[in-house]
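Just below is one structure, and these are the notes that go with it.
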Amino acid sequence: MKNTLSSSLQVRLSLQRAAFSLAVDVQLPNQGVTALFGASGSGKTTLLRCIAGLDSTPEGFIGLNEEVWQNGKRTLPAYKRPIGYVFQEANLFPHLTAQDNLAFAMKRAGPDSEVITYDDVVELLNIKGILSQYPHQLSGGERQRVAMARALLIQPKLLLMDEPLSALDEGLKQDILPYLETLCQRAQIPILYVSHSLDEVIRLADHILVLEQGRVVEQGDTASLLGQLGTSFSKHQDASVVISGVVTQQTPEWGLSWLAFGEDDLNQQTIAFTQGKEQRGDTVSLRIQSRDVSLSLSEQENSSILNRLAGVVDEIETDLSDSSRVMVRLLVAQTPILARITALSAHRLSLKKGQNVIVQIKSAALLR
């Protein structure tokens, strides 16, 4: 089969090992963050290593935009691929300071390939104050920030990140996540981000690829995939949707902002959320967890819940692992919202497709 490259990352690989096989044929966006999601052993890291050229696959095709890195038996070696790789462990040179680790990456990049500058990387990851220190003098989070800076200063055309937060405790994860978010938003190159943490995927990814036993079982943009039933995400205990919109109102005296969303101005709805650094007119995204959504057949004015929106039942899914629960997909201003409620509540409300309901959202978390 002839391979033609468009503006995308194309990967077609087949790998057989004693107890595992990988078979992938995908075309991924050449911008933004694509999360490789799945349980341990599903093939996420193996796929990343194959793309990087660290694991060999006799047959297959790998190409980014107009560049071919592998085509059948013609394979570009790993050191010649314009790829930055951030591993689970920082893997810094222990005998070099943080600054010297970065200088090593800059030498590898060559003099004519600068896309992101040294000063920009240092500022982006806030590492100016630790450049003179050796890896053993840094915290786990600081080492990973230096590792990310090193990967960027190679001037890659693709950035691979293999669970970069998995070796950190929860406190350090929360410290480094804002830097990681900023990196993902500002990087002008595609990023493949391996994770089995739904929280990280929702917070960082624009696109998701779900792997199971070496096969792609689901794929799509984050907001669309999270809002569907019958996926691994709707069955997840933290099933959520992401809603994007514009901040149209703020009430500082109550510490709240209001996000307007919907397909058109006539049918827009608003959601209140805890005010942060956003300003009126900003486009932001909110995460709404299914467990924070309840349903009513009528407007309840005497309620502490601020967000009570008119919606329509679109689909109902029984939770096969817990027969006492159902997942309801609702459309609010043509935007999907999920509600995990008891089967008894669904029965008492006589819920069915097309039914008008009041969607009550207890809380919404600001993502970006």
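Neighbour counting of Cβ atoms within 10 Å sorts the residues H136, H236, H207, H196, fewest neighbours leading, into H136, H236, H196, H207. For the chain, the relative contact order comes to 15 percent (Cα pairs under 8 Å, sequence separation of at least 6). Here's how it looks for G220: its modeled amide H is under 5 Å from those of I208, which are all 5 or more places away or on a different chain.
Straight-line cross-link partners of K353 among the lysines, defined as a Cα under 29 Å from its Cα and at least 8 positions apart when in the same chain: K235, K362. The H on the amide N of R325, modeled in the peptide plane, is under 5 Å from the matching H of D319, A343, each at least 5 residues off or on a different chain. Round to a whole angstrom and tell me the spacing of the C-alpha centers of segment 164-214 and segment 1-68. Segment 164-214 and segment 1-68 have Cα centres spaced 18 Å from each other.
In whole angstrom, how far apart do the alpha carbon centroids of segment 271-302 and segment 93-162 sit? A separation of 39 Å, based on Cα centres.
For the chain, what proportion of DSSP beta bridges, expressed in % and rounded to the nearest 5, is antiparallel?
Values: 70 of 87 bridges.
That works out to approximately 80 percent antiparallel.
Counting other Cβ atoms within 10 Å as a rough exposure proxy, the listed residues V332, V312, V293 run V312, V332, V293 from fewest neighbours to most.
With a ≥ b ≥ c the root eigenvalues of the C-alpha gyration tensor of segment 75-184, is it rounded (a/c under 1.5), prolate (a/b larger than b/c) or oblate?
Details: a/c = 1.56, a/b = 1.35, b/c = 1.16.
Prolate shape, in that a/c is at least 1.5 and a/b is the bigger ratio.
Taking only the Cα atoms of segment 8-226, the radius of gyration and Dmax are 16.9, 47 Å. Note on the chain: dipole from Cβ charges, positive end direction compared against F233, I243, Q289; the farthest Cα belongs to F233.
How long is the gain from W254 to R17 if the chain were fully straight, where each residue apart is worth 0.36 nm and the alpha carbon distance is subtracted?
Values: separation 237, 0.36 × 237 = 85.32 nm, distance 5.87 nm.
Full-extension gain reported as 79.5 nm.
Ordering S42, S324, S363 by the number of other Cβ atoms within 10 Å of each residue's own Cβ, fewest first, gives S324, S363, S42.
Laboratory data are not the source of any read-out in this text; all were calculated from the coordinates shown. The structure displayed is predicted, hence computed values, not measured ones. Reconstructed Cβ throughout: ideal geometry from the backbone, glycine too, with neighbour counts over all protein chains shown.
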